[in-house]
Every structure is written in C-alpha cells, then in structure tokens.
1. If you take every residue apart from Glu44 with its C-beta less than 13 Å away from the C-beta of Glu44, what net charge results, scoring Lys and Arg +1 and Asp and Glu -1?
2. Considering only Cα-Cα distances, which of the following residue pairs are longer than 18 Å: Lys8/Lys62; Lys35/Lys62; Lys39/Lys81; Lys49/Lys74?
3. Which of Ile40, Ile7 comes first, and how do the rest follow, when ranked by fewest Cβ neighbours within 10 Å?
4. If eta is 0.692 mPa s and T is 37 °C, what Stokes-Einstein diffusion coefficient results for the chain, Kirkwood Rh from Cα pairs, in µm²/s?
5. So what's the angle, to the nearest 10 degrees on a 0 to 90 scale, between helix 35-46 and the longest Cα principal axis of the chain?
Amino acid sequence: MEARDVIKRPVITEKSSAAMAENKYTFDVATTANKTQVKIAVEEIFDVKVDKVNIINYKPKKKRMGRYQGYTNKRRVAIVKLSEGSIDLFN
C-alpha cells in the first residue's frame, strides 16, 4: 500500500490541537492500514521520526432520514507521537 493511500487526511479538532503541544498528531487512515504501515507512511511523507502510533476504530452510527435508515462511514484514526526535535507538521 502506497504512503498516500494509507493516510487520508489530518484531523483538526479542539482535542487534537491540544495534543499537538505533546508532539501528537492525528490522521484519518485507511481502514486496512496497521500501525507499521502508518509509521512508515508518516516518516516517508513528512520526513520525521515517529516514536509511537495508537489507532482508534470508530464504528458506523445509525442515522435516520424519515422512515429510511442508513449508517455513517466507519473510520480509523491514528494518533502519531513524534520523537523529540522533529519538525512541526501543521505550521
């Protein structure tokens, strides 16, 4: 899997912005990607050294539109902790 296929987009929320002070950055990743693939992709794309990767799986939620029912998309989010002295990704 190519590095650009593993990482979909950065996640910018209030909680993830607060985590940036601790060198932790949040990305939406492919649902089939594992921690090793995420680490290699971040190091390749942003030219930084990754210390640790945590992954969170979000289940799809039920949504209704009148009498019709559907689901939101399932998501997989990676929280990447960079080593000390690495560059800042979101400046």
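1. Summing Lys and Arg as +1 and Asp and Glu as -1 gives -1.
2. Values: Lys8/Lys62 23 Å; Lys35/Lys62 28 Å; Lys39/Lys81 10 Å; Lys49/Lys74 29 Å.
Cα-Cα > 18 Å for Lys8/Lys62; Lys35/Lys62; Lys49/Lys74; rest within.
3. Least to most surrounded, the residues fall as Ile40, Ile7.
4. Values: Rh = 14.1 Å.
The calculation lands on 232 µm²/s.
5. So the helix axis and the longest Cα principal axis differ by about 60 degrees.
Rule-based calculations on the coordinates, nothing more; no lab input. The shown structure was predicted, so the numbers you read here are calculated from the model rather than taken from an experiment. All Cβ positions, even for glycine, are placed from backbone atoms using ideal geometry, and neighbour counts span all protein chains on display.
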